[in-house]
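The block underneath contains the structure these notes are about, expressed in structure tokens.
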Amino acid sequence: MERTLSTQSELTTTNPEYNLSSIRKFVLSCIIITALCLVTGIGMAGDFDLKVVLGIGVVVVFFLTVFLFGKVMKQAGEREQAIKSYVSALEVERKAQKQANEELLAAKDGLDELNSSLEQAFESLQHSAEEAELRAMEIEGKSAELQRLTEESDTIFNSIDNGVCLLGPDYKIGNKISLAMYEIFETDTLAGVSFVSLMKPLISEKELRTLSDFLELLFEGKTLTKQLDKFNPLKKVEITLNWNGEKFSAKQLGFKFQRIMDGNEVGAVLVSVTDLTESVILEKELKKNVEEQERQTVVIIEILNSDYSKLDPFILDAESEVEIINATLKDLGSKSGGVPGETVDEIYRKIHKIKGDASLLKLQSVVDLAHSIESQLSELRGSGDLTGDKLLGALMHLASLKTQLVTYKNVSASIFQEFVRKPVINDSLETEACEYSLQLSEFARENAAVVGKKVNVITDITMDDLSEEQIATLMSVITQSIRNSIAHGIERPMERLKAGKIEAGLITVVCRPSIEFPDQYELSVRDDGAGLDLASIKQRAVELEMISKEEAASMSGSEAVNLIFKSGFSTTEEETNLSGRGMGMDVIKHTVNDTLGGKLNMAFSKGHYMLLKCEFPVSKTANVLEEVI
């Protein structure tokens, strides 16, 4: 296109026919040549007429030339104008062609780019097709692997002992459920069932609310699973299955919950259920056997450390007391109405005596059981709810005490009868007194150490005229008196030093025939402790609502002293193995008056000492009851 336009332009500028300037030059040259020829002819002619003719010819030629020149010029102008129009049109066409060429070139470049893009796209599609083919092959392989894993998963689900299922965000059980799950819950309907609804008839309302809150926290995903595990309400739970209303099945189940994440959200929760019934039964049996072995071991150790000669009498006496309590409780349980407070106090005294005697023989397991029974009796007495049923329930530990006594008797009779060395029979009264002295001293030191105190015991004991029953009863009174002195009389070492006393308290026990009355014995237990604070005793009695403030203000000294012998009175607010129950002095009083048939007296000096003194007949021929002074 550019070459054609260039050729036309060249023709226009080089052809005389179309070149106005060349025409003008040609015509002008002809005129000049003609004029020169005529002038030259005129000049050379000698004849005037010839010159005239030539002149006319020159004029004619001139005008003819001018006419022709005008004519030529007009045509030349027209031709020139046409040529200009034609050239202008050619120029416009040339520009249009150029623009078209540029657009064609641009289109060609665009087509080239498009073609290149298409080639790249084709290559990409070809590559994608190859990758898709590879992916298809990979997916096919994975599908086969998934199928295999699914089959393995089904096999595992159907063979594992644990119940396994998935919970959705709506707490409903999914379709993937192990066979063990159906067997554990003994139902064929689990898929699509709400887990909360499933557990509703199997656990308590409180546990159900806790379970709902626990599942909500699991699906929130804010708290770590390990942290939530300790709040799992179904970690170990006992359920009773009764779907058809006929068969009851009790089971111990353990539940574990594990989140399954879907990105940052909890997609599901994996529930694993283990039937712990057999393991729990085995665990209980094992625990029972271990406890029995431990109990047997404790019994063996306590028998070895006790005075074997006094063990059998203690067991017989304690068993007798327990049988009496059992009979009393059975009689009360068969009656309606409340239990008399005196009956409770009487039971308490018997238990307290067993506790004191066991403490002297270092039978700590019996001491602990008796102490637990005392605690329950104290709670019942304090609540005022003394119905027969409540009392029977509170004394269930009595069966454990009875079992423990039987264990002592069996171990003592069947095993240690031949191996435990019997004490050497010695008629020497000094040897017997020495044994009592050592036994009471060790008893006092051990009990004092429990409450952070120190104490020594001096004894002067003669009991050769007393029966074995009286000796056992008398020792109960002595041990209870020593316990009372340690708990309420003897001060702590620093307090004694501040009061100008030695660090260790002193308890003196004297038991011997009465000089004034040969058929009677005298027992005195004296400590160099704090004595009695009558004002504090009255104040404590008011706090315990035993007396009013007006009664306390008008009460005499002897009446104030009598308060410490009332059942339930104690100057110690905190209950310990030594004090706080308000029954120690009550037991001493009833034992002396009722069992020994004696009378009890007391003397004291605030800040210096307290003395308990009792007189009783060698044989219980009278039941003398006398108020203390």
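The values are calculated or read from the model by the stated rules, or taken from the named source; none is laboratory data. Only a predicted model underlies this, so the values are computations on that prediction, with no experimental measurement involved. We place every Cβ from the backbone using ideal geometry, glycine too, and count neighbours over all the protein chains shown. With ligands, DNA and RNA removed, areas are computed over all heavy atoms of the protein, side chains included. Shrake-Rupley method; radii C 1.70, N 1.55, O 1.52, S 1.80 Å.
Give the peptides 541-552, 363-374 in descending order of average Cβ contacts within 10 Å, highest first.
Numbers: 541-552: 13.8, 363-374: 21.5.
Taking the mean over residues of other Cβ atoms within 10 Å, the ranking is 363-374, 541-552.
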| query | With the contact rule set at Cα under 8 Å and sequence spacing of 6 or more, what percent relative contact order holds for the range 245-326? | reply | 19 percent
| field | Partner lysines for LYS172 [C-alpha distance under 25 Å; skip if fewer than 8 residues away on the same chain] | value | LYS200, LYS206, LYS222, LYS226, LYS230, LYS235, LYS236, LYS251, LYS256
| note | Rg from C-alpha atoms of the range 433-478, normalised by the globular rule of thumb 2.2 N^0.38 Å, equals 1.28
| Separation of the ALA121 and GLU133 label points, Cα + 7 Å toward Cβ, nm | 2.2 nm
| message | Computing the accessible area with a 1.4 Å probe over protein heavy atoms, can you report the carbon and sulfur percentage for the range 432-568? | response | 52 percent
| query | Using modelled amide H (1.01 Å from N, peptide plane; none on Pro or chain starts), what sits under 5 Å from the amide H of LEU276, excluding residues fewer than 5 places away? | reply | GLN252, LEU253, GLY254
| remark: For the range 435-450, Karplus-derived ³J(HN,Hα) couplings (6.51, -1.76, 1.60; θ = phi - 60°; whole Hz; x for glycine and proline) come out as 4, 4, 4, 5, 5, 5, 5, 5, 4, 5, 4, 5, 5, 5, 5, 4
| query | Amide H neighbours of ILE458 under 5 Å, counting only residues 5+ apart in sequence or on other chains, H built in-plane at 1.01 Å? | reply | ILE507, THR508, VAL509
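Return the carbon/sulfur percentage of the accessible area of the range 187-325, one whole number, probe 1.4 Å, all protein chains in place. Numbers along the way, then the final one.
Numbers: 4430 of 8450 Å².
Carbon plus sulfur share of accessible area: 52 percent.
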